[in-house]
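Quick notes on the structure that follows.
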Amino acid sequence: MAGQRQLMQSDVAVNIAVSPTTYTMMIKDNEVLFIYNSNDMQERRALGYAKSLKNHKLKEKDLYKENLSETQIKEIANKIGEHPISLINKNSDLYKEEYNGLNYDEEDILKLIKNNPLIMKTPIAVYHDRASFVESSFEFIKMDMVSHSFKDELSNKDESGTDKTKI
């Protein structure tokens, strides 16, 4: 079977999908997946700031070198809270020349981005529970500072995690 491998386990054949780009993104609480285009200087600069995060582990996905699956693209759109069309960079030359003004359903848009990853608006920071477009490289510094400050506030030894008012 194409895209599948057969493993023998206790004389029982088990089929496992082996396409590395069809899985959903597993991102832990302290991780950030940075999706970017390494062919863009500003995005490489933003990556540098992302690499400076001390309180988060950074994962990278360079769309100049590798594609996302349709499942992953849909997951990103869901985490941003938008329709997949919002992931398209409508200022890109490719969009303006070939796709502007055409009507597509969600499935068409997912395929379009999968097959033309550089049409995707980037950079994007994907967290375990949300995703957002990175408008400024400095967002990572603020995010790391807020995360660290918040942890410090909760590290009070007398704090129980419940809001109790002493009388």
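Structure above, values below:
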read-out: Antiparallel bridge percentage (DSSP; both residues within the stretch 22-152; nearest 5); value: 55 percent
read-out: Simple spin-label estimate for Phe133 and Lys28 in nanometres, 7 Å along Cα-Cβ; value: 3.1 nm
read-out: Entries in Lys51/Lys121; Lys28/Lys79; Lys57/Lys90; Lys96/Lys121; Lys59/Lys96; Lys54/Lys114 that, when Cα-Cα distance is taken, lie over 23 Å; value: Lys57/Lys90; Lys59/Lys96; Lys54/Lys114
read-out: FRET E, pair Glu106, Lys51, Förster distance 35 Å, beta-carbon r, rounded to 0.05; value: 0.55
read-out: Ranked Glu75, Glu106, criterion: other C-beta atoms within 10 Å, fewest first; value: Glu106, Glu75
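Throughout, read-outs are computed from the coordinates displayed, never taken from laboratory work. Just so it is clear, the model here is predicted, and its values are computed rather than measured. Cβ atoms come from the backbone with ideal geometry, glycine included; neighbour counts cover every protein chain shown.
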